[in-house]
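J.: I'd like to ask you about the structure that follows.
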Amino acid sequence: MPKLPETIQIGAQEFTIAQRSKKEDGMLNDGAYGYTLETENLIVIDADIHLSKKKVTVIHEIMHAIRLINDSPIKPKKEDEFEDVEHYFISMWEANLIQVLRDNPKLKNWIFEDAK
C-alpha cells in the first residue's frame, strides 16, 4: 500500500504533511482531524484516524492551502447570491485541485489506492 507523502507541491509552493497524534499535538484536541499552517507551509493530520477519514482530511487541508495560496482581495459580499458565492470558491479550487493531483503522483496513488 502506498504511504502518504511527506511533502507535496501546491502551485509554486511545497507543503510538508505531518501525521501527529492528539497526545503530541494539542491543536488536534478540539475535535479537528487536521489543520494547515500557512506561514510554515505545513499540513498536520491526525495519525490515529481511520484511513478513509485521513484521505478526506488530507484533501480538506489541501483545499485550505489552495485557498490560502490563491486568496484574492476580491471577496464575495454578504448580499451576493448563494450561487455567486459558491462559484467563487469552486473556481478557486477546480483547476488547482487537478494540478495538485497531477504534480503529486504519490499523493494521488495514496488517495486512490483502494478505489474501485
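We did not get these values from a lab; they are worked out from the coordinates using the rules stated. What you see is a predicted model; the values in this text were computed from it and never measured. A quick note on method: Cβ atoms are made from the backbone with ideal geometry, for glycine too, and the neighbour counts reach across all protein chains shown.
J.: Can you tell me the orientation of helix 82-103 relative to the chain, as the angle in degrees between its alpha-carbon axis and the longest Cα principal axis, to the nearest 10?
T.: Here the helix axis deviates by roughly 40 degrees.
J.: Using the number of other C-beta atoms within 10 angstrom as an exposure proxy, rank GLU14, GLU61 with the fewest first.
T.: GLU14, GLU61
J.: By counting other Cβ atoms within 10 Å of each Cβ, how are VAL44, VAL56 ranked from fewest to most?
T.: In order of increasing Cβ crowding within 10 Å: VAL56, VAL44.
J.: Quick check: net charge around LYS3, other residues with Cβ under 15 Å of its Cβ, Lys/Arg +1 and Asp/Glu -1?
T.: The answer is +1.
J.: For the stretch 1-64, just say rounded, prolate or oblate: build the C-alpha gyration tensor, square-root its eigenvalues into a ≥ b ≥ c, call rounded for a/c under 1.5, and beyond that prolate if a/b exceeds b/c, oblate if not.
T.: Oblate shape, in that a/c is at least 1.5 and b/c is the bigger or equal ratio.
J.: As a check on your grasp of the helix formula, calculate [θ] at 222 nm for the chain: sum -39500 (n - 2.57) over DSSP H runs of n ≥ 4, divide by the residue count, round to the nearest 500.
T.: -14500 deg cm²/dmol
J.: Measure nothing but the geometry: give the 0 to 90° angle between the long axis through the Cα atoms of 51-70 and the longest principal axis through the Cα atoms of the chain, rounded to 10°.
T.: 40
J.: If I stretch the segment between THR16 and ASP114 completely, what's the gain in nm (0.36 nm per residue apart, minus their alpha carbon distance), one decimal?
T.: Computed gain between THR16 and ASP114 is 32.9 nm.
J.: Mind sorting TYR88, TYR33 by how few other Cβ atoms lie within 10 Å of their own Cβ, fewest first?
T.: Ranked by crowding around the Cβ, least crowded first: TYR88, TYR33.
J.: Using only the Cα atoms of the chain, each taken as one equal point scatterer with no solvent, compute I(q) by the Debye sum, divide by I(0), and report log10 of the ratio at q = 0.11, 0.16, 0.17, 0.22 Å⁻¹.
T.: -0.40, -0.80, -0.89, -1.25
J.: Let me ask another. Given a cut-off of 20 Å, name the pairs among LYS54/LYS108; LYS23/LYS106; LYS3/LYS54; LYS55/LYS77 whose C-alpha atoms lie farther apart than that in the structure shown.
T.: Over 20 Å Cα-Cα: LYS23/LYS106; LYS55/LYS77.
J.: Right, here's the next one. Given Cβ point charges of +1 (Lys, Arg) and -1 (Asp, Glu) and nothing else, what value in debye, to the nearest 20, does the dipole of the stretch 7-112 about its Cα centre take?
T.: Roughly 520 debye for the stretch 7-112.
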